[in-house]
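Rule-based calculations on the coordinates, nothing more; no lab input. No experiment lies behind these values; they were computed from the predicted model shown. In this analysis, Cβ positions are derived from the backbone assuming ideal geometry, glycine residues included, and neighbour counts consider all displayed protein chains.
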Amino acid sequence: MASVELLILFLVGAGVIAYILTRFNTFLGSIFTIFAVMFVFVSLAGYGFGMNMDTTVNILPGISFTETYLGFYFAIIIVFVYLMVSFFHPYYLSEYKYKNSYNLLFLLSLAGILGAFYTDNFLNLFFFFELIIWTTMFLIPQGKSKEAAVSYFGFSIAGSVAMLIGIFITYNVSGTFSIYQGLAALSGTNAIFVFVLFIIAAFAKLGSFPLHIWLPIAHGNAPHPFSPVLSGALVKLGAFIGVLALIRIAPATGLFTAMDLPIGQYVVAILGSMSIVFGTLMAIKEDDAKKLLAYSSMSHGGYILVAFSILNGIAFAGGFYHILAHALASAGAFMAIAAVARATGTTKMKELGGMIHKMPITYLAYLIAIISMAGIPPMGGFISKWLIFQAVIDKGMIFVGIAVFFGSVGSFLYVFRPLAALFLGQELTEYKKVKEAPLLMLIPTFILMGLNVYTGVFPGGILKFINNIIVELGYTGIEVSTYEINGTNGILNPALIGLIFAVGSGIAFLIFIVLKKSRKVELMDTYTAANFVHDEHLLHYAVDFYAPLERLYEKQSNWMTKFYTALAEKVRELGKLGKYLFMSKNISTTVFWIVAIIIFLLWGEVL
Amino acid sequence: MILNILIGIGIAFFGFVLQTSIAGINRKIVGRLQKRHGPRWYQEFIDIFKLLSKRSITHGWIFDFGVIMALGGIIATAMFMPLTNNFLAFENFDNFFIFVYLIAVGMLGMAMSASGSGNPWASIGVMRALTTMLAYEVPFLIVVLTIINLTGNSSLTEIMLYQQASGNNWFLIALPIGGLVGFIALMGMLGKKPFETYVAPAEIASGPMVEYGGKQLGMLFIMNEISAFIEVSLFVHLFLGGATNIFEFLIKYFVVYTLANLISSVNGRFKIDQVVKFFYKWPLIMAVTQAVIAIYFGWVI
């Protein structure tokens, strides 16, 4: 039996040891971190699937745990992403200014993750959330910019505060901090209030429209090994709160009869759709590979929200499967980009080109990850998108349909951009000496490649586990056998698709191999319409890849940035007013205001 | 299972022969339209076999790997395609989304290979192809959403049977606006003018194809023919009631492809941003209108 409490204490202890070890030797400390995370992952995987974790609490005061399929599903995915990323630490940490604390904070945030998904108490949940935010907040600025951390922290805190107010309302109504009893006791107007507050928290954490502005800033500037954690793991906290709000609270608002859906859920679905469209358009436009993937996370967050707002088993299965598929795909893609960034020192696509010739395995990892991200079979992303499409079509949600189809096709565009500009194209002269990533970094790469394919070919087992979560949430699960998935309007056999794809490729390979062998020529030896081009950079098409398309929405693309800049400006002005009123040089004015405010606050209580 | 796979391979091969022949006949028809004789109907076969027999160049492993992935993906997609309502390789598994998304593997392979050649024309062509795809796919999928919502099934065979059942019309008649959108989207999928922007031989030197020759080009030709077969068959099954026997299928197929080709031969070419603007204006509005009146009001002829 593995005890949740002991695992958390173990992580805290391991964090301290990692701190000391890293201080003496970065490599050693990072290896220790890998083993610590691996231990937690193995304990979770060994006991958690059968719901055999020990949830008794003996040492930690005021904390209580319980075991749910929902919490475990999130926990295992996130711990897995942490494990994969920890393999990158030995090669990146030495560059960072505060490398000693990196492993400590990393392990502490993992402790927060475990606590947050296993607790049954709202105050504990809030505490563990804050633990995650505060630890990760110090990890992000070790990358490129300190402002990224401010932006991340600001939005996370806004979300947390919204959640805290929701928790207090729940406590006021139900008289308990227990998550499940508390949410069950809500009704009427209170339920709507708490629903809205929790949705705000979910949007802030998930980085969904209109609270998405921090996502590209934080992802793009975070340390390279931390971006996969942010995108693959931490934004999923938002999905967790979203599930609590959309399914557990589900306030009794009016019903859209055409779609048989409550208005609250429909509004969230529409906002999720806007997230999809907005994220896709911005990702197409983006030049920094990491920011591009950050916008893609925003768009995938939209899919998750859409899935959970359609209240039936198929949609939930799609949403939960999408969380897994996107975590694997985005971790894979971000880690491939991180490997490139380590070798070249940049993530700007216009500065890169032809990396495939030096880093073929990293290229394959990226390729498989984006195939999954774009929802193309035979990868995991296809299964989840297929399930979500089923639900959307079945409900006849036309406008949400436009968004999910647009996002799905649009994702081909943006994921192809790094492929073409960064990995393919001309081999630029300045990167001729680059080497493939070291073996230790290739281990997680291979594991992620394998899992991306596995989730796309044999989803049966995972979907059966997801059925447990759906039943736990009070809905009926989907019909799934070893190879087949039964949707509302069709059957899918992913293994068959995988097999047929292999057959097709086999035939194509046969045709290719029996024909005459080709002569190898240099990349520069291309058709140039009789111009003599001597420089690789001139033959590399990477800048403004989708220029004609970008021009169509160029003017609209910075609306949200402008809005937040204006908002920041107004807040600053308000601060100036406050400073002018209360903080004047004349000391007596300040004292007067302090006294006045104290009297105002105490009015009716003491006075 | 082995038998089913063999039937699937047979369907893919049949699709290749059918589309290549019909494309050859269409070259003759377009020739007559332009007051010339046009090539023989089997000219396309000659072209492909000549290319396959030639020795060619390669730009590295991704250049070849992409071509194999492209042809493999398209053959795999074609293997799922039903020809008539009882002739298909894998019963119950002819799900509509397989065709839309498995075909994308082939497209991705081709795009990858083209970009891997290191020629900027190729990358520009790929960029245009993907942008065109973003344009036509959304209106088309909205119409299909309507169809699947009405029939309650996304299996192509079931959609065919629904249209053939007494009392129901072909979806081209039942959903006239949607049918029109479907046809315009088909023109985009086939890369017919005015949506031919991504090939544009006179402008970007055939775009993605610029660097190819020999067997790679021959394989991409085969891929192109099979994907045209998939796209036209999709239209036949979704909007024209499918087919009860193979001759019906052949007639419908021929009519649809020839019509698309005739329209193509009297049109100019859009610029790429015009393609996007066009599709997100009328076809999308029409598709949404059709979806709203069919799903929410239930007005289906």
Enumerate the whole-percent occupancy of each 20 Å bin, from 0 to the last occupied one, for all C-alpha pair distances of chain B. 33, 60, 7, 0
Do the sum for chain A: with -39,500 (n - 2.57) for every DSSP H run of n ≥ 4, divided by all residues, what is the mean residue ellipticity at 222 nm, to the nearest 500 deg cm²/dmol? -22000 deg cm²/dmol
From the phi of every residue in the range A:472-488, what ³J(HN,Hα) in whole Hz does the Karplus formula 6.51 cos²θ - 1.76 cosθ + 1.60 yield, where θ is phi - 60° and glycine or proline is x? 4, 7, x, 10, 8, x, 9, 7, 9, 10, 4, 10, 10, 10, 9, x, 5
To test your reading of the geometry: what angle, between 0 and 90 degrees and rounded to tens, separates the Cα axis of helix A:122-139 from the longest principal axis of chain A? 50 degrees
Along its principal axes, what span do the Cα atoms of the range A:444-533 show, with the longest given first and each in whole Å? 68, 31, 29
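Are there trypsin sites (Lys or Arg not before Pro) in the range A:88-187 that DSSP marks as loop and that have at most 10 other Cβ atoms within 10 Å, and which are they? List each step's numbers first, then the result.
Values: sites: A:Lys97, A:Lys99, A:Lys144, A:Lys146; in loops: A:Lys97, A:Lys144, A:Lys146.
For trypsin sites (Lys or Arg not before Pro) across the range A:88-187 that sit outside H, G, I, E and B with at most 10 neighbouring Cβ atoms in 10 Å, the list reads A:Lys97.
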With R₀ set to 25 angstrom, the calculated FRET efficiency between the beta-carbons of A:Thr56 and A:Asn25, to the nearest 0.05, is 0.10
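Find out how many positive minus negative residues lie around B:Tyr101, taking Lys and Arg as positive, Asp and Glu as negative, among other residues whose Cβ is under 15 Å from that of B:Tyr101.
Result for the local shell: -2.
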Cα gyration tensor of the protein assembly as shown - equivalent ellipsoid semi-axes, whole Å, descending: 49, 32, 27
Report the calculated FRET efficiency for A:Tyr98 and A:Ser588 (r = Cβ-Cβ distance, R0 = 56 Å), to the nearest 0.05. 0.80
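Taking DSSP loops as anything outside H, G, I, E and B, show the longest stretch in chain A free of GluC sites (Glu not before Pro) there with at most 13 other beta carbons within 10 Å.
Working: sites that count: A:Glu522, A:Glu554, A:Glu605.
Result, exposed sites excluded: A:1-521.
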In whole percents, the bins of 5 Å from zero upward hold the Cα-Cα pairs of the range B:1-88 as 3, 12, 14, 17, 16, 16, 13, 7, 2, 0, 0
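Compute the signed sum of charges (Lys and Arg +1, Asp and Glu -1) over the other residues within less than 14 Å, Cβ to Cβ, of B:Val266. Let's see the in-between values first.
Values: positive: B:Arg32, B:Lys35, B:Lys192, B:Lys193, B:Arg269; negative: B:Glu196.
Taking every other residue near B:Val266 into account, the sum is +4.
Note down the relative contact order for the range A:256-545 as a percent, whole number, built from C-alpha pairs under 8 angstrom at least six residues apart.
Details: 440 pairs, mean separation 65.1, N = 290.
Across the range A:256-545, relative contact order equals 22 percent.
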Total charge of the residues flanking B:Gly182 in space, meaning their Cβ is under 13 Å from its Cβ, with Lys and Arg +1 and Asp and Glu -1, is -2
Restricting the range A:147-250 to chymotrypsin sites (Phe, Trp or Tyr not before Pro) in coil, as DSSP defines it, with at most 10 other Cβ within 10 Å: none
Spin-label proximity, B:Val255 to the range B:165-195 - amide N less than 13 Å from point 7 Å beyond Cα toward beta carbon: B:170-173
By how many degrees, between 0 and 90 and to the nearest 10, does the Cα long axis of helix B:2-33 differ from the longest principal axis of chain B? 80 degrees
Using only Cα atoms, find the angle between the long axis of helix A:147-174 and the longest principal axis of chain A, and express it within 0 to 90 degrees, rounded to the nearest 10. 50 degrees
Using only DSSP helix segments of four residues or longer, with each worth -39500 (n - 2.57), what per-residue ellipticity at 222 nm results for chain B after dividing by its residue count and rounding to 500? -23500 deg cm²/dmol
Connecting C-alpha atoms closer than 10 Å in a GNM of chain B, tell me which of B:Gly213, B:Gly241, B:Gly167 has the biggest fluctuation. B:Gly167
Difference of contour (0.36 nm per residue) and Cα-Cα distance, A:Gln181 to A:Lys576: 137.7 nm
One finds the C-alpha centres of the range A:1-61 and the range A:476-524 to be spaced, in Å, by 40 Å
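Only bridges with both residues in the protein assembly as shown count here: give the DSSP antiparallel percent, nearest 5. Kindly include the intermediate steps, with their values, before the conclusion.
Details: 12 of 15 bridges.
Antiparallel bridges make up about 80 percent of those DSSP assigns within the protein assembly as shown.
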Listing A:Val434, A:Val595 by rising number of other beta-carbon atoms within 10 angstrom, fewest first, gives A:Val595, A:Val434
Rounded to the nearest Å, the spacing of the alpha-carbon centers of the range A:372-432 and the range B:58-113 is 16 Å
